[in-house]
Amino acid sequence: MQIEGNQKELDAMKAFHEGNRTEGLKLQEEFAAEFREAYKEKDHCSCQKACRYHGNCKECVAIHRAHQEHVPNCMRPVINKKIRLLSELTEHTIAREIEPPKEILRT
């Protein structure tokens, strides 16, 4: 099962945006049911970094919400995609102003 960019979830969000909450919730529950079945015994965590909380999203997200210093590794690609779109507004000139930290995720 594909999680990122899942068509059923994309259709659910389209329904929500069109004001069709009933259809959106129906599609969202279908996605969640398929997810529960597909991943009941498989690792679903997309994080590439070894972590004590790997696959335990509740605790991982709670930790990051608590310290609010950065976001979980698994959420970075989603957020970076959004930042890249915003960066187009200034022809990506922000890239010259950003210095990556010493510790970066290597893919």
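The values are calculated or read from the model by the stated rules, or taken from the named source; none is laboratory data. Being a predicted model, the structure only gives us computed values, none of them experimental. Here Cβ is always computed from backbone atoms with ideal geometry, including for glycine, and neighbour counts include all displayed protein chains. Ligands, DNA and RNA are stripped out before the accessible areas are found, and what is left, the full protein with its side chains, is counted by its heavy atoms. Shrake-Rupley method; radii C 1.70, N 1.55, O 1.52, S 1.80 Å.
Place a +1 charge on the Cβ of each Lys and Arg in the chain and a -1 charge on the Cβ of each Asp and Glu, then give the dipole magnitude about the Cα centre in debye, rounded to the nearest 20.
My answer is approximately 320 debye.
How large is Rg/Rh for the chain, to two decimals, with Cα atoms and a Kirkwood Rh?
Ratio of gyration radius to Kirkwood radius: 1.03.
Below 14 angstrom from the Cβ of Lys82, what's the summed charge of the other residues (Lys, Arg +1; Asp, Glu -1)?
Net charge around Lys82: +1.
Lys40: accessible area at probe 1.4 Å, nearest 10 Å²?
Solvent-accessible area, nearest 10 Å²: 130 Å².
What number comes out for the charge environment of Ser46, summing +1 per Lys or Arg and -1 per Asp or Glu over other residues with Cβ under 14 Å away?
It works out to a net charge of +2.
Heavy atoms only, probe 1.4 angstrom, no DNA, RNA or ligands counted: give me His44, His67, His17 ranked by accessible area, highest first.
Reading off the accessible areas and sorting them downward yields His17, His67, His44.
Against the longest principal axis of the chain, how steep is helix 21-38, in degrees 0 to 90 to the nearest 10, with axes from Cα atoms?
80
With point charges of +1 on the Cβ of Lys and Arg and -1 on the Cβ of Asp and Glu, referenced to the Cα centre of the chain, which listed residue (Ala62, Met1, Ala15) lies farthest in the positive direction of the dipole?
So the residue we want is Ala62.
In deg cm²/dmol, rounded to 500, what helix-only [θ] at 222 nm does the chain give when every DSSP H run of at least 4 residues adds -39500 (n - 2.57) and the total is split over its residues?
-15500 deg cm²/dmol
Taking K and R as +1 and D and E as -1, what net charge do the other residues with C-beta under 12 Å from the C-beta of His64 add up to?
Result for the neighbourhood of His64: +1.
Could you work out how far apart the two model spin labels at Phe16 and Ile79 are, taking each label as a point 7 Å from the Cα in the direction of the beta carbon, and quote it in nm?
In this crude label model, Phe16 to Ile79 measures out at 1.9 nm.
Calculate how steeply helix 7-17 sits against the longest principal axis of the alpha-carbon atoms of the chain, using the helix alpha-carbon long axis, and give the answer as 0 to 90 degrees to the nearest 10.
90
How tilted is helix 76-87 with respect to the longest principal axis of the chain? Cα atoms for both, answer in degrees (0 to 90, nearest 10).
70
Quantify, in whole percent, the carbon and sulfur part of the accessible surface of the chain (1.4 Å probe; protein heavy atoms only).
The C+S portion of the solvent-accessible surface of the chain is 55 percent.
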